[in-house]
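J.: Attaching a single structure in structure tokens format; questions to follow.
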Amino acid sequence: MARVALVTGGSRGIGAAISKKLQSEGYSVAATYAGNDEAAAKFTEETGIKTYKWDVGSYDDSAAGIAQVEADLGNIDTVVANAGITWDGFFHKMTPEQWNKVIATNLTGVFNTVRPVWPGMRERKFGRVVVISSVNGQKGQAGQVNYAATKAGDIGIVRSLAQEGARAGITANAVCPGYIGTEMVRSIDEDVLNKHIIPQIPAGRLGEPEEIARCVAFLASEDAGFINGSTISANGAQFFS
């Protein structure tokens with residue numbers, strides 16, 4: 001029987017690449033999305049991967065959505081907490097709304113996604129948790145105090161979960177992408193991209209979503225059972241931690 005994987009924010013960008021990679025590895029995949037019904041429907045039509053709409057910032061919505069996924073596909077063995085947003089601004093101008101919204105999605109959203117499936121993983125003595133953090137959670141970034149705080153917090157979550165879950169056969173790891181060639185990044189003004197962003201990357205290029213997906217697929221596999229509480233930096237040598 002195929003293992004069941006839940007990928008939050010799994011119908012676009014890095015999340016879509018992760019969903020498709022796990023599907024190719026034999027998982028039954030459920031991908032969540034927050035609001036773009038058209039994109040989600042197109043993704044399902046193209047891939048056959050079922051999509052579910054809920055706000056990861058709400059525990060009740062997440063618990064209800066996860067219950068529906070398990071009713072449809074079976075017990076969730078693998079969680080990829082990928083859903084995330086940015087709402088940038090320099091700290092002296094940042095509003096409580098900017099702070100709270102990013103915290104709710106990127107940090108509390110990880111709790112809301114993992115907590116409902118954690119007891120089942122413990123009971124079955126197997127689980128894989130992969131959280132998509134960021135290079136900016138490792139090094140910080142001006143204008144992203146809220147975002148960097150959440151992504152640093154995500155690393156703390158997996159390090160703690162790893163210690164709690166290890167004896168139950170559960171691993172929890174983080175992947176920290178650098179600049180990845182998603183639709184969002186490629187929409188940046190070409191002059192800014194070529195003069196200010198890519199020169200920061202020793203590899204001399206943007207990463208590809210599929211490169212992040214391969215990291216996730218390995219961490220989710222049986223082969224990665226002794227890798228726990230770790231952080232994979234996938235940033236083209238931009239930053240070491």
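The values are calculated or read from the model by the stated rules, or taken from the named source; none is laboratory data. Note that this is a predicted model, so its numbers are computed, not measured. Using ideal geometry, Cβ is built from the backbone for each residue, glycine included, and neighbour counts are taken over all protein chains shown.
J.: Go through segment 29-82 and report how many residues are under 14 Å from P116 (Cβ atoms) and at pLDDT below 95.
T.: So the answer is 0.
J.: Which condition from (1) in contact with a Cys (Cβ under 8 Å, 6 or more places away or on another chain); (2) over 30 Å from T78 (Cα atoms); (3) of a type in the set (A, V, I, L, M, F, W, C) is the one that A234 breaks?
T.: If we test A234 against (1) in contact with a Cys (Cβ under 8 Å, 6 or more places away or on another chain); (2) over 30 Å from T78 (Cα atoms); (3) of a type in the set (A, V, I, L, M, F, W, C), just (2) comes out false.
J.: Okay, moving on. Within segment 92-112, does at least one residue satisfy the condition of being of a type in the set (V, I, T), at pLDDT 95 or above, touching a strand residue (DSSP E or B) at 6+ places or on another chain (Cβ under 9 Å) and on the phi < 0 side of the Ramachandran plot? Walk me through how you get there before you give the answer.
T.: Restricting attention to segment 92-112, the residues satisfying the condition of being of a type in the set (V, I, T) are 95, 102-103, 105, 108, 110.
Narrowing the set further to residues that are at pLDDT 95 or above leaves 95, 102-103, 105, 108, 110.
Imposing the further condition that a residue be touching a strand residue (DSSP E or B) at 6+ places or on another chain (Cβ under 9 Å) reduces the set to 110.
With the extra rule that they be on the phi < 0 side of the Ramachandran plot, the set shrinks to 110.
Yes, some residue in segment 92-112 is of a type in the set (V, I, T), at pLDDT 95 or above, touching a strand residue (DSSP E or B) at 6+ places or on another chain (Cβ under 9 Å) and on the phi < 0 side of the Ramachandran plot.
J.: Same structure, new question: With within 21 Å of T105 (Cβ to Cβ) and in a loop (DSSP other than H, G, I, E, B) as the only criterion, which of Q141, Q238 stands out?
T.: Values: Q238 fails: within 21 Å of T105 (Cβ to Cβ).
Answer to the selection: Q141.
J.: Tell me which residues, restricted to segment 171-180, are in a loop (DSSP other than H, G, I, E, B) and in contact (Cβ under 8 Å) with a residue 60 or more places away in the chain. Even if it seems obvious, please write down each step before you answer.
T.: Residues of segment 171-180 in a loop (DSSP other than H, G, I, E, B): 178-179.
Across segment 171-180, the qualifying residue is only G178.
J.: Follow-up. Looking at E183, is it over 18 Å from S133 (Cα atoms), touching a residue at least 60 places away in the same chain (Cβ under 8 Å) and of a type in the set (D, E)?
T.: Values: over 18 Å from S133 (Cα atoms): yes; touching a residue at least 60 places away in the same chain (Cβ under 8 Å): yes; of a type in the set (D, E): yes.
For E183, the condition - over 18 Å from S133 (Cα atoms), touching a residue at least 60 places away in the same chain (Cβ under 8 Å) and of a type in the set (D, E) - is met.
J.: Sticking with this one: Residue check, A174 against (1) hydrophobic (A, V, I, L, M, F, W, C); (2) closer than 26 Å to V117 by Cβ; (3) surrounded by fewer than 18 Cβ atoms within 10 Å (Cβ to Cβ), all met but one. Which one?
T.: (3)
J.: Can you tell me which residue in segment 139-171 is modelled with the lowest pLDDT, limited to those that are polar (S, T, N, Q), within 24 Å of E208 (Cα to Cα) and buried (at least 19 other Cβ atoms within 10 Å of the Cβ)?
T.: Kept after step one, since they are polar (S, T, N, Q), are these residues of segment 139-171: 141, 144, 146, 150, 160, 163, 171.
Okay, now just the ones that are also within 24 Å of E208 (Cα to Cα), so 141, 144, 150.
Then drop every residue that is not buried (at least 19 other Cβ atoms within 10 Å of the Cβ), which leaves 144, 150.
Numbers: Q144: 95, T150: 98.
It comes out as Q144.
J.: Within segment 34-63, restricting attention to residues that are β-branched (V, I, T) and part of a helix (DSSP H, G or I), which residue is surrounded by the fewest Cβ atoms within 10 Å (Cβ to Cβ)?
T.: T44
J.: Would you be able to say whether some residue in segment 74-95 is among the polar types (S, T, N, Q) and loosely packed, with under 13 Cβ neighbours inside 10 Å?
T.: Going residue by residue through segment 74-95, those that are among the polar types (S, T, N, Q) are 75, 78, 82, 86, 95.
Cutting the leftovers down to loosely packed, with under 13 Cβ neighbours inside 10 Å gives us 95.
Taking every residue of segment 74-95 in turn, at least one turns out to be among the polar types (S, T, N, Q) and loosely packed, with under 13 Cβ neighbours inside 10 Å.
J.: Now for a separate question. Quick test for you: out of G26, G9, pick the one residue that is part of a loop (DSSP other than H, G, I, E, B), modelled with pLDDT of 95 or more and more than 22 Å from P116 (Cβ to Cβ).
T.: Working: G9 fails: more than 22 Å from P116 (Cβ to Cβ).
Within the list G26, G9, the selection yields G26.
J.: Whether any residue in segment 11-29 is more than 23 Å from K151 (Cα to Cα), acidic (D, E) and free of Cβ contacts under 8 Å to residues at least 40 places away in the same chain is what I want to check.
T.: no
J.: With the requirement that a residue be in contact with a strand residue (DSSP E or B) (Cβ under 9 Å, 6 or more places away or on another chain), assigned to a helix (DSSP H, G or I) and of a type in the set (A, V, I, L, M, F, W, C), what does segment 181-216 give you?
T.: I212, C215, V216, listed by residue number.
J.: In segment 54-69, what residues are under 17 Å from the mean Cα position of the chain (by Cα) and among the hydrophobic types (A, V, I, L, M, F, W, C)?
T.: If the condition is that a residue be under 17 Å from the mean Cα position of the chain (by Cα) and among the hydrophobic types (A, V, I, L, M, F, W, C), then W54, V56, I66 are the ones that fit.
J.: Could you list, in sequence order, all residues of segment 144-170 that are assigned to a loop (DSSP other than H, G, I, E, B) and either over 25 Å from L206 (Cβ atoms) or in contact (Cβ under 8 Å) with a residue 60 or more places away in the chain (or both)? Outline the logic, then answer.
T.: Start the filter on segment 144-170 by keeping residues that are assigned to a loop (DSSP other than H, G, I, E, B), which leaves 144, 169.
Across segment 144-170, the qualifying residue is only G169.
J.: Return yes or no: is N106 out of contact with any helix residue (DSSP H, G or I) (no Cβ under 8 Å at 6 or more places or on another chain) and not in a strand (DSSP E or B)? First the steps, then the outcome.
T.: Details: out of contact with any helix residue (DSSP H, G or I) (no Cβ under 8 Å at 6 or more places or on another chain): no; not in a strand (DSSP E or B): yes.
The answer is no for N106.
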